[in-house]
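Asks: Quick one: structure below, then a few questions.
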Amino acid sequence: MHSFWSSFRKKRKRGDFRKRVFMHAARDLKTRFMLLALVLAAHSIAMVLFEEMDWWQAFWLTMTSASTTGYGDISAASFWGQAATIVLIYGLGIALLAQIASDYIELRIQKKEMGIKGQLEWENMHDHLLIINTPTLYTESYLERLVDQVCNTPDLENTPIQFLTPDFPEGLPLSLRSFGAVHQTGEATNEGALEACSAEKAKFIVVLSPDSQNAHSDSLVFDILHRIKALNSSAYILAEAVNDHNRARFKEAGANAVIRPVRAYPEMLVRSLIAPGTEQVLEDLFRHQGDHTVRLQVTIRDTSWADVVITLMKAGIGTALGYENTQGEIVTQPKAKLEIQANSLIVMVDDDNALPDKQGLQALFTH
């Protein structure tokens, strides 16, 4: 008996169950709009035929009836006109209108939730800053500082910001959303993830190293750079490299600039976006190899800053960046004509330069 009745049952497909759980797709909403339009048109025609109304009166009666407003200034008087109103408006039109309103609200809520959770494709976004990956440690605090720095940089303040990361499946923190940042939940190595972020239309792309202490992160960054290159993106691409030996490989893979993951200073990353090449200068300030900063103990009185800079350069010592005044305060990049009173100088020097001894250095500034 069971097999007998089973033969008459409709075979269910996966799509049938998908419709039940997908909360009415936009296509279903369009179908209901078309059905409602047909019902309203049919009722208007019925009023013209059975009630001898003109087209405007027929449409007016149809709309006031379907919206349950019911002004009562016009109504159907004949049997067929009333029957058409009962079937088309009371039986179909009002029900369809209510269902459309319900579906529309539900669809809006669904889209809002998908946007918050990073499940929407931002195909209309262009000329934006796309940040791929997020740091493993202190994720939220680092991203807050990074986005804040972007928003406070005049050249980037109006640039849309988008993240591609698996770290916020329930939505970006409010602190980031308050800046207008959006995100796509997923991995850049997943098929179609970069296209969903409109990576080919981005103005800047930053590929962060997930773990700044693990050189294996460079493999992931390298893979992502190859995928971006395949999209023929014209974006300025900045990538982080844990291992300095991978810098050349990253540039061959399409990166315009490569920096170390410096989590304490997201400002370095932003500066390298708006002023390409500064990342090299800034990194050199933090290491001894190559160009680096030193503090030279020398007493200087009533000498213009321009003369100090020129004297150091002529002596082949380096480039003056600032000085310590007589109150012990560090002054950086003073005006050229300012006559300074210094107890020491902050100077960028090359690793190959041999610095003079204290007496030789002092002799340069003794009039």
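Asks: State which stretch of the chain is the longest one without any exposed GluC sites (Glu not before Pro), exposure meaning a DSSP loop state and at most 10 other Cβ atoms within 10 Å.
Replies: Longest site-free region, per DSSP loop and neighbour criteria: 1-156.
Asks: Can you sort Ser178, Ser65 by solvent-accessible area, 1.4 Å probe, largest first?
Replies: Result, largest first: Ser178, Ser65.
Asks: Turning to a different aspect of this structure: Would you rank Lys201, Lys358, Lys335 by solvent-accessible area, highest first, keeping every protein chain in place and using a 1.4 Å probe?
Replies: Sorted by accessible area, descending: Lys335, Lys358, Lys201.
Asks: Ordered by residue, what ³J(HN,Hα) values in Hz, to whole numbers, does the range 293-310 give under the Karplus form 6.51 cos²θ - 1.76 cosθ + 1.60, where θ = phi - 60° and Gly and Pro are x?
Replies: So the Karplus estimates, Gly and Pro as x, are 9, 9, 10, 9, 7, 8, 9, 10, 10, 6, 10, 5, 4, 4, 5, 4, 4, 5 Hz.
Asks: Continuing with the same structure: Keeping every protein chain present and rolling a 1.4 Å probe, give me the accessible area per residue for the chain in Å².
Replies: 58
Asks: Quick one: Debye curve from the C-alpha atoms of the range 187-334, no solvent, what's log10 I(q)/I(0) at q = 0.09, 0.19, 0.21 Å⁻¹?
Replies: -0.41, -1.11, -1.29
Asks: Pop out the carbon and sulfur fraction of the accessible area of the chain as a percent, whole number, probe 1.4 Å.
Replies: C and S fraction of accessible area: 56 percent.
Asks: At a probe size of 1.4 Å, how large is the accessible area of Phe50, to the nearest 10 Å²?
Replies: 90
Asks: Another question, then. Which sequence of Tyr265, Tyr71 reflects their accessible areas, 1.4 Å probe, from the largest down?
Replies: Tyr71, Tyr265
Asks: Past 21 Å, Cα to Cα, is the threshold; run Lys30/Lys112; Lys117/Lys229; Lys203/Lys251 against it and keep the listed order.
Replies: Correct reply: Lys117/Lys229.
Asks: Still on this model: Could you give me D for the range 44-187, from Stokes-Einstein at 10 °C and 1.306 mPa s, where the hydrodynamic radius is the Kirkwood radius over C-alpha pairs? Units µm² s⁻¹, please.
Replies: Value of D from the Cα-based Kirkwood radius: 81 µm²/s.
Asks: I've got another one for you. First check a/c for the chain, with a ≥ b ≥ c the square roots of the eigenvalues of its C-alpha gyration tensor; if it is under 1.5, answer rounded, and if not, answer prolate when a/b is larger than b/c or oblate otherwise.
Replies: In terms of gyration-tensor shape, prolate.
Asks: Right, next: On C-alpha positions alone, give me the angle between the axis of helix 55-66 and the longest principal axis of the chain, in degrees, nearest 10.
Replies: Approximately 80 degrees, to the nearest ten.
The values are calculated or read from the model by the stated rules, or taken from the named source; none is laboratory data. Nothing here was measured: the structure is a model prediction, and the numbers come from that model. All Cβ positions, glycine included, derive from the backbone under ideal geometry; neighbour counts span all protein chains shown. To get the accessible areas, we keep the full protein, side chains included, count just its heavy atoms, and leave off ligands, DNA and RNA. Shrake-Rupley method; radii C 1.70, N 1.55, O 1.52, S 1.80 Å.
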